[in-house]
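*Asks:* Take this structure, written in structure tokens, and hold onto it; I'll ask about it next.
The values are calculated or read from the model by the stated rules, or taken from the named source; none is laboratory data. These figures come from a predicted structure and were not determined experimentally. Cβ placement follows ideal geometry from the backbone for every residue including glycine, while neighbour counts extend to all protein chains displayed.
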Amino acid sequence: MFDNSLGSVRRGLPTLAIAGVLVAVSATSGATAAFVITGNDIKNGTITSKDIKNETLKSKDVKDGTLRTKDLKASTVDDLKGATGPAGAPGVSGYQLINASVPIAADAGATVEATCPAGKKVLSAAAHMTASFDGTAVDIDAGTTKATAKAWNYETTADTLSLDLICANVS
């Protein structure tokens, strides 16, 4: 009976040894897996630039449209600038305001004309009467170098009809 018992123990020892090795291997593997951190383990918004190793982020890690020039080195921003383009067409220069005025008697009409200096053209013209709100009419000539204003003074007192031109060099 004792021999039979020892025989059972001898046959069970290899099984116990294999089971012990499996337990040790699984315990070691479990310990290693405990140190793996996934995105699910990290709370949103908690990773900062101190947590990221320099030179590890790639273009695919940055969302399109999120970088601004202030996020880049000055030399990189300079590299983004292209060559200077050709000069644009000449524009407007030499603005000058020209004013002309004439007295206008009570219950009478008047005309005033103003001309831009040589080489300049009329950009805008406006007329007004200084003491009343009676209407005025302005005509800019086809050559755009002068304008004419006309008005009728419906008031019982004399007034002044003024014409203002904005003239400039136009290329």
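*Asks:* So how many residues does the stretch 124-146 have that are within 25 Å of Gly94 (Cα to Cα), surrounded by fewer than 16 Cβ atoms within 10 Å (Cβ to Cβ), in contact (Cβ under 8 Å) with a residue 12 or more places away in the chain and of a type in the set (A, V, I, L, M, F, W, C)?
*Replies:* 1
*Asks:* May I pose another question? Identify all residues within the stretch 104-123 that are assigned to a strand (DSSP E or B) and either modelled with pLDDT under 90 or surrounded by 13 or more Cβ atoms within 10 Å (Cβ to Cβ) (or both); write none if there are none.
*Replies:* Ile104, Ala108, Ala110, Thr111, Val112, Glu113, Ala114, Thr115, Lys121, Val122, Leu123
*Asks:* Hey, does the stretch 141-160 have a residue that's outside any loop (DSSP other than H, G, I, E, B), at pLDDT below 90 and in contact with a Ser or Thr (Cβ under 6 Å, 6 or more places away or on another chain)? Please lay out each step first, then the result.
*Replies:* Here is the first cut: in the stretch 141-160, the residues outside any loop (DSSP other than H, G, I, E, B) are 146-153, 159-160.
Now drop any that are not at pLDDT below 90, which leaves none.
There is no residue in the stretch 141-160 that is outside any loop (DSSP other than H, G, I, E, B), at pLDDT below 90 and in contact with a Ser or Thr (Cβ under 6 Å, 6 or more places away or on another chain).
*Asks:* Please enumerate the residues belonging to the stretch 152-171 that are among the small types (Gly, Ala, Ser) and under 13 Å from Glu113 (Cβ atoms).
*Replies:* Ser162
*Asks:* Next up: Give the residues of the stretch 68-84 that are among the charged types (D, E, K, R), outside any loop (DSSP other than H, G, I, E, B) and under 20 Å from Ser49 (Cα atoms), sorted by residue number.
*Replies:* Once the filter is applied, which keeps residues that are among the charged types (D, E, K, R), outside any loop (DSSP other than H, G, I, E, B) and under 20 Å from Ser49 (Cα atoms), the stretch 68-84 yields Lys70, Asp71.
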